[in-house]
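J.: I'd like to ask some things about the structure below.
Every number in this text was worked out from the coordinates using simple rules, so none of it is lab data. None of these values were measured; they are calculated from a predicted model. All Cβ positions, glycine included, derive from the backbone under ideal geometry; neighbour counts span all protein chains shown.
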Amino acid sequence: DYFEGEFHQCADLARQSPVASGVTDRLTTAPAKRESSFGLRFSGGIEIATAGEYTFWTTSVDGSQVLVDDTLVVNNDGEHGADTRSGKISLSPGLHSFQVLFFQGGGGFEFAVEWAGPGFQRQALAPGVLKHVARPLLPLGAVARDLLRATCDGGWRNEDDAAALKYYARRFGVHMPG
């Protein structure tokens with residue numbers, strides 16, 4: 001999501017409606033239509049192949065944050081010059097919810113997100129690891145919950161469907177059998 005306006009912290013993005021939305025496989029400022037007074041929210045999933053501890057970094061002017069499974073992992077928030085912050089989280093294999101927030105106030109800007117994990121050193125997130133996960137149009141109610149549970153009992157068509165269903169089950173607190 002792309003926002004325009006005056007921002008002083010990442011939470012300010014939630015108070016506005018996006019000016020534009022789209023799908024990307026890279027964490028970049030390319031969607032920005034101006035050089036200052038804008039914000040970006042990247043939401044989707046991140047595919048984890050190996051269980052273990054992962055470190056995420058953001059370098060930004062101004063604020064940025066990384067959230068994995070709704071846990072704040074990197075907090076590089078606020079108005080500031082170029083600053084790099086990091087955070088660690090233990091992750092199991094599979095699809096996890098992933099969100100990156102960034103805003104630019106005035107002056108020059110910089111924005112980068114990197115990670116390291118079991119078997120690889122610090123690097124930019126490869127496009128293949130980021131996943132676009134469509135959001136449901138309606139809140140999950142009892143009927144949707146029951147359908148999700150029935151589907152999770154083995155009724156999915158392929159592993160991508162299974163990963164998406166597991167993501168939504170975690171995201172909306174639905175217990176999945178087995």
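J.: Would you work out which of ALA82, PRO31, VAL61 lies farthest towards the positive end of the dipole of the stretch 1-100? Charges go on Cβ: Lys and Arg +1, Asp and Glu -1.
T.: PRO31
J.: Which trypsin sites (Lys or Arg not before Pro) does the stretch 12-70 hold that lie in a coil by DSSP with at most 15 other beta carbons within 10 Å?
T.: ARG26, LYS33, ARG34
J.: So, one more: What distance in nm lies between label points placed 7 Å from Cα along the C-beta direction at GLN123 and VAL23?
T.: Calculated label separation equals 2.5 nm.
J.: Same structure again: Given 0.36 nm per residue, what is the gain on full extension from ASN75 to GLU35 after removing their alpha carbon distance, in nm? Show your work: numbers first, answer last.
T.: Details: separation 40, 0.36 × 40 = 14.40 nm, distance 2.26 nm.
My answer for the length gained is 12.1 nm.
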